[in-house]
């Protein structure tokens, strides 16, 4: 873990390219840069989609970059347990979104309401997931399925989820050594960006 630096776009993107990501500590406040060992990833050919989740996929519409601000605001809701997304982080990723680096994936219900989503950073064939939320059953999982489909179809190779949780493990996330992650990262960032995230 490293400390300090800033949240300028160049700083954040350079960090991701080296396997680091920012996450502040609140008390006392400090900006920290993390490179977990082991690292949580979801193999793009290893996503687990249960029969009930597949039915849920039919209930929601999935979009990319349809409501970035609303997604990051929902992920930053201070009422969520273990919340870490503060105004500085939110502003930094909004700037990255405006520059075409940060992206959201949304799940919408039949009434046109945003009920789930996630956001992260795309660099070549890497998608570094940052946070996700849901307001309806399976909505965040459906957004994740939509993300994996678009990454796989676009030739991406690495979906970074930072740390594994029971929720992510149930969908196929695994822990890998940092050394392996860095090898996969070096290959991924040299690949073309998937079309869903602005690639050609």
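Readers should treat all values here as calculations from the given coordinates under stated rules, not as data from a laboratory. Worth saying up front: this structure is predicted, and the values here are computed from it rather than measured. Methodologically, a virtual Cβ is constructed for each residue, glycine included, from the backbone with ideal geometry; neighbour enumeration extends over all protein chains shown.
Residue count for segment 156-169, restricted to those that are touching a helix residue (DSSP H, G or I) at 6+ places or on another chain (Cβ under 9 Å) and outside any helix (DSSP H, G or I): 6.
From the list 185, 147, exactly one residue is touching a helix residue (DSSP H, G or I) at 6+ places or on another chain (Cβ under 9 Å), crowded, with 23+ Cβ neighbours inside 10 Å, free of Cβ contacts under 8 Å to residues at least 60 places away in the same chain and in a helix (DSSP H, G or I). Which is it? Can you show your working first?
Details: 185 fails: free of Cβ contacts under 8 Å to residues at least 60 places away in the same chain.
147 is the lone residue from the list that is touching a helix residue (DSSP H, G or I) at 6+ places or on another chain (Cβ under 9 Å), crowded, with 23+ Cβ neighbours inside 10 Å, free of Cβ contacts under 8 Å to residues at least 60 places away in the same chain and in a helix (DSSP H, G or I).
With respect to being assigned to a strand (DSSP E or B) and more than 18 Å from residue 167 (Cα to Cα), residue 95 falls outside the description. Residue 69 meets all of the listed conditions (1) part of a helix (DSSP H, G or I); (2) buried (at least 18 other Cβ atoms within 10 Å of the Cβ); (3) within 16 Å of the chain's Cα centre (by Cα) but one, namely (2).
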